[in-house]
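The values are calculated or read from the model by the stated rules, or taken from the named source; none is laboratory data. Not measured: the values here are computed from a predicted model. A quick note on method: Cβ atoms are made from the backbone with ideal geometry, for glycine too, and the neighbour counts reach across all protein chains shown. Note: areas computed on protein heavy atoms with side chains; ligands, DNA, RNA excluded. Shrake-Rupley method; radii C 1.70, N 1.55, O 1.52, S 1.80 Å.
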Amino acid sequence: NWTMESFVDKEIERIRVMVGPTAQVIGAVSGGVDSTIAASIMSKAIGSRFHAVLVDNGVMRLNECNEVKKRLTEKLGINLTVIDAADLFLGRLKGVSDPEKKRKIIGNTFIEVFEKEGERIELEIEEDIKKGTSGNRGKIEFLLQGTLYPDVIESVSFKGPSATIKTHHNVGGLLENMKLKLIEPLRELFKDEVRAIGTLMNIDEELVWRHPFPGPGIAIRVLGEVTPTQVEIARKADYIYIEEIRKAGLYRQISQAYAALLPVKAVGVMGDARTYEQVIALRAVTTTDFMTADWFPMPYEILKKISNRIINEVRGVNRVVYDISSKPPATIEWE
Ligand code: XMP
């Protein structure tokens, strides 16, 4: 598609002009489609003067942090720093069960960690400038964000249960404190256009079609208190669930799927013994805009396989249920 191709080239050119020969750019990446494609365009435009930052908040999916790191550095050549802040996030989440409080803690901690990394890079550059080893690297003057057109509208008008979506991405403090200017290469695009651009840029199909993943991650999929043990259980169950959906060739038909760990215990039986363990709820929805959604009619054989695997392979779980609620009145996330 000629138009899409020219979009990337034009955007790269526009960024080069805007950033100039020495200024640097910082941006957070999550491993999702939007931030990865925005980062890739930025990296093509200004190389290592772009600093991508991935914050490991301890509530990403199983192996996700390493996979994102590999993809961004090895495949896409992006100058990336991964910050392991899992203990910090999980420490602050200790004892907190309220969903909105969890979101606030994660959002604020994210901004704090990201800002600190920005300051660290700034100091490093200042030192290099003093020593005369900075080359063409000057100050950080811009912040990259993978905002899409619907995000632009939503942040103005949407007041649903996910109005807090923006709190996670709200780096207003960073913009103010560091006096950064915003660059949003995707702000005029819809999701399908971003996917088409990703395909054109030879970004893995797996990433291009990835389901959205909320900023607060597994923290809002472990209902009630988030402990490292609970996160581990939810992670393993979710991994098996998604693996089986992919194997069955259903991933692209579903808009979003995940496993939630419910804060209840149920009685079960294993061999001669009675068990008293937790319940996993499987959620899969189809939607075009995430404002309304239908539950996905998952084939029984697939459900059977997933249920057997989760109960056999994930310690601490003795029951699996499938969520058959539409949005509205339910939401896509349980919290
Ligand atoms: P709900 O649960 O409101 O979710 O039907 C709609 C979409 O928004 C995502 N979601 C979030 N994304 N931070 C995010 O970045 C959040 O706090 C958050 N809450 C919900 C959800 O995964 C779904 O795609």
Principal-axis tilt of helix 228-247 within the chain, Cα atoms, nearest 10 degrees: 90
Of every hundred units of 1.4 Å-probe accessible area on region 230-331, the number belonging to carbon and sulfur atoms, as a percent, is 54
Per the 1/(1 + (r/R0)^6) rule, R0 = 25 Å and r from the Cβ atoms of Asp323 and Glu115, FRET efficiency to 0.05 is 0.10
Dmax and Rg, reported as Rg then Dmax, of region 1-129 (C-alpha, Å): 16.7, 53
Quick one: Debye curve from the alpha-carbon atoms of region 1-51 only, equal weights, vacuum; give me log10 I(q)/I(0) at q = 0.21 Å⁻¹ to two decimals. -0.75
For the pairs Lys10/Lys130; Lys44/Lys179; Lys94/Lys247; Lys101/Lys327; Lys139/Lys191, note any where the Cα-Cα span goes beyond 27 Å. Lys10/Lys130; Lys94/Lys247; Lys139/Lys191
Restricting everything to alpha-carbon atoms, can you work out Rg to Rh for region 256-322 with a Kirkwood hydrodynamic radius? 1.06
Along the principal axes of its C-alpha atoms, what lengths does the chain span, in descending order and rounded to whole Å? 73, 45, 38
In the neighbourhood of Glu301 defined by beta carbon distances under 14 Å, the net charge of the other residues (Lys, Arg +1; Asp, Glu -1) is +3
Note to self, the chain gives a 222 nm [θ] from helices alone (DSSP H runs n ≥ 4, -39500 (n - 2.57) apiece, / all residues, nearest 500) of -14000 deg cm²/dmol
Between region 1-57 and region 89-142, what's the alpha-carbon centroid distance in Å? 19
What is the packing order of peptides 31-38, 79-86, 210-217, taking the mean over residues of other C-beta atoms within 10 Å and listing the highest first? 31-38, 210-217, 79-86
Peptides 137-145, 259-267, 3-11: what's the order by average Cβ count within 10 Å, highest mean first? 137-145, 259-267, 3-11
If each of Glu206 and Thr22 carries a label point 7 Å out from its Cα toward its Cβ, how far apart are those two points in nm? 4.2
What GluC sites (Glu not before Pro) in region 197-276 are in a loop by DSSP, with at most 15 other Cβ atoms within 10 Å of the Cβ? Glu225
Helix 2-19 axis, angle to the chain major axis (alpha carbon atoms, nearest 10°): 60
If you average the sequence gap of Cα pairs under 8 Å that are 6 or more apart and divide by the length of the chain, what percent do you get for the contact order? 17
